[in-house]
Amino acid sequence: MNDSSLRLLNDKPSSLEKDQLNYKSIVKKLSERIVSSLHSTPFTLGILAPWGQGKTSMMKMLRSELLNEDEEFVCVWFQPWKYHN
């Protein structure tokens, strides 16, 4: 197969600087929504996708974006698969 539109990515999460999954615009919108909701009713955000679709990349990008805001955010990273029976 010689398709130049295909590329292989490693399993390391992407960052805002090296957004190999083109999630930057989604992360920006999520960040804006979270910041704008600071003084309103809390909400829950779920990021669901099959294995290998970039959930960790998106969450790390979102954490980076939020920590760069003027507001004070605390991010807690939890890896539930480590605690699955």
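The values are calculated or read from the model by the stated rules, or taken from the named source; none is laboratory data. Fair warning: this is a prediction, and the values are worked out from it, not measured in the lab. Cβ coordinates were reconstructed from backbone atoms using ideal geometry, including for glycine residues, and neighbour counts include every protein chain displayed.
Here are the numbers for the structure shown:
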| item | result |
| --- | --- |
| Residues within the range 34-74 that are under 16 Å from the mean Cα position of the chain (by Cα), over 19 Å from Asp19 (Cβ atoms) and modelled with pLDDT of 80 or more, tallied | 6 |
| Complete set of residues in the range 63-80 that are outside any loop (DSSP other than H, G, I, E, B) and over 13 Å from Leu38 (Cα atoms) | Arg63, Ser64, Glu65, Leu67, Pro80 |
| Residues being in contact with a helix residue (DSSP H, G or I) (Cβ under 6 Å, 6 or more places away or on another chain) and under 23 Å from Glu72 (Cα atoms) - total across the range 31-54 | 2 |
